[in-house]
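Remarks on the structure that follows.
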């Protein structure tokens, strides 16, 4: 039995890694992909997970499979296809930590997952089935995503959705909005960023956008607010959950880490989506904020009165003080941490070059007027 199964993209993030002796920009091969990132966060919180997707039978596909399996993620549903090349993304980082993406995906293997490729037994054996929106950009992956959601609902799974808008992967914002909104009525738990509110609902105000999504049938909606934390919404109402203060290094993977923590708390609560109260949703979001910031903040989460619990494994090697931390997967390396090592995604998957960890520093926060906190 899996706590969470995710379907979607797993790809290579070629991230900036300085310049060569000849003055040319260097890019480092890192594993990436939002659904896979969420699973790594869950694995590091002790939750069994599985991944469904497609890579090519090339060096990058082999690398991604090895990294996922090294993290303990079940890859029964990961197809290696000799007819398509593994999707690549080139990521440039601005001084603020914000990213710009260029994709080699015409087509990429992740877009070629077909309904016939679905690991139906894996979907039937999961508590939460999670998807993003990049699998909705092209056929046959779009049909595979819709079929998988139908299978998940038939199996009684909770359906989780984290739309992730990348303008250069869609023919237009209108086409993106239509497809990204299409699965909302089939979703139980949903996360969007404040920047995606208007695209997903037609209104820019996070609270109003969340209410509109709940009115469409979503049981719990979370809007991440960058440096301000997150907003949660259910039938009971709306509440803001502040984030933890942090210094920006890189925004990559912050929202994925947050959602991994949120789903971990939801699974541990044992609640059905329609039984989640506003207090419960706020507690789950505190867990997400804690995971996105650093492990020590989990104590803050555990002290909150709620019907859920935080249970990071006590032998977690990443919870250290003044020690070197081994990073899992094929490209294992060690980084020095003055006080605390932050949870994934950036420090475990993908292995970005900017994995500097400092006290009260969260990799993945959004900088706002000189301060940062919460999630992106």
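Among (1) surrounded by fewer than 18 Cβ atoms within 10 Å (Cβ to Cβ); (2) touching a strand residue (DSSP E or B) at 6+ places or on another chain (Cβ under 9 Å); (3) under 25 Å from residue 128 (Cα atoms), where does residue 215 come up short?
In the conditions (1) surrounded by fewer than 18 Cβ atoms within 10 Å (Cβ to Cβ); (2) touching a strand residue (DSSP E or B) at 6+ places or on another chain (Cβ under 9 Å); (3) under 25 Å from residue 128 (Cα atoms), residue 215 misses (2) alone.
Here is a yes/no grid of residues against (1) at pLDDT 95 or above; (2) under 16 Å from the mean Cα position of the chain (by Cα); (3) assigned to a loop (DSSP other than H, G, I, E, B); (4) surrounded by fewer than 17 Cβ atoms within 10 Å (Cβ to Cβ):
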| site | (1), (2), (3), (4) |
| --- | --- |
| 31 | no, yes, no, no |
| 40 | no, yes, no, no |
| 63 | yes, no, no, no |
| 72 | yes, no, yes, yes |
| 76 | yes, no, no, yes |
| 79 | yes, no, no, no |
| 84 | yes, no, yes, no |
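Could you please let me know if residue 207 is assigned to a helix (DSSP H, G or I), touching a strand residue (DSSP E or B) at 6+ places or on another chain (Cβ under 6 Å), at pLDDT 95 or above and closer than 16 Å to residue 285 by Cα? Before the answer, list the steps.
Numbers: assigned to a helix (DSSP H, G or I): yes; touching a strand residue (DSSP E or B) at 6+ places or on another chain (Cβ under 6 Å): yes; at pLDDT 95 or above: yes; closer than 16 Å to residue 285 by Cα: yes.
For residue 207, the condition - assigned to a helix (DSSP H, G or I), touching a strand residue (DSSP E or B) at 6+ places or on another chain (Cβ under 6 Å), at pLDDT 95 or above and closer than 16 Å to residue 285 by Cα - is met.
Which of the residues that make up region 12-50 are closer than 27 Å to residue 83 by Cβ and touching a helix residue (DSSP H, G or I) at 6+ places or on another chain (Cβ under 6 Å)?
12, 31, 34, 37, 50
Among the residues that make up region 289-296, is at least one of them surrounded by fewer than 24 Cβ atoms within 10 Å (Cβ to Cβ), in a helix (DSSP H, G or I), touching a strand residue (DSSP E or B) at 6+ places or on another chain (Cβ under 9 Å) and modelled with pLDDT of 50 or more?
No, that holds for no residue.
Please go through region 261-288 and give me each residue that is surrounded by fewer than 24 Cβ atoms within 10 Å (Cβ to Cβ) and more than 19 Å from residue 218 (Cβ to Cβ), ordered by number. Even if it seems obvious, please write down each step before you answer.
Our first condition is that a residue be surrounded by fewer than 24 Cβ atoms within 10 Å (Cβ to Cβ); within region 261-288, this holds for 267-275, 277-280, 282.
Selection gives 268, 270.
Based on what the data block shows, is residue 129 under 19 Å from residue 36 (Cα atoms), at pLDDT below 95, under 19 Å from the mean Cα position of the chain (by Cα) and outside any helix (DSSP H, G or I)?
No; evaluated as a whole, the condition is false for this residue.
Please work out which one of (1) modelled with pLDDT under 95; (2) in contact with a strand residue (DSSP E or B) (Cβ under 8 Å, 6 or more places away or on another chain); (3) surrounded by fewer than 24 Cβ atoms within 10 Å (Cβ to Cβ) is the condition residue 239 fails and give its number.
Of the numbered conditions (1) modelled with pLDDT under 95; (2) in contact with a strand residue (DSSP E or B) (Cβ under 8 Å, 6 or more places away or on another chain); (3) surrounded by fewer than 24 Cβ atoms within 10 Å (Cβ to Cβ), the odd one out for residue 239 is (1).
Can you say whether residue 240 is closer than 30 Å to residue 94 by Cβ and not in a helix (DSSP H, G or I), as far as the supplied structure shows?
yes
Just to be sure, is residue 228 under 21 Å from the mean Cα position of the chain (by Cα), outside any strand (DSSP E or B) and crowded, with 24+ Cβ neighbours inside 10 Å? Steps first, please.
Details: under 21 Å from the mean Cα position of the chain (by Cα): yes; outside any strand (DSSP E or B): yes; crowded, with 24+ Cβ neighbours inside 10 Å: no.
Against the criterion (under 21 Å from the mean Cα position of the chain (by Cα), outside any strand (DSSP E or B) and crowded, with 24+ Cβ neighbours inside 10 Å), residue 228 does not qualify.
The values are calculated or read from the model by the stated rules, or taken from the named source; none is laboratory data. On a predicted model such as this, the values are computed, not experimentally measured, just so you know. A quick note on method: Cβ atoms are made from the backbone with ideal geometry, for glycine too, and the neighbour counts reach across all protein chains shown.
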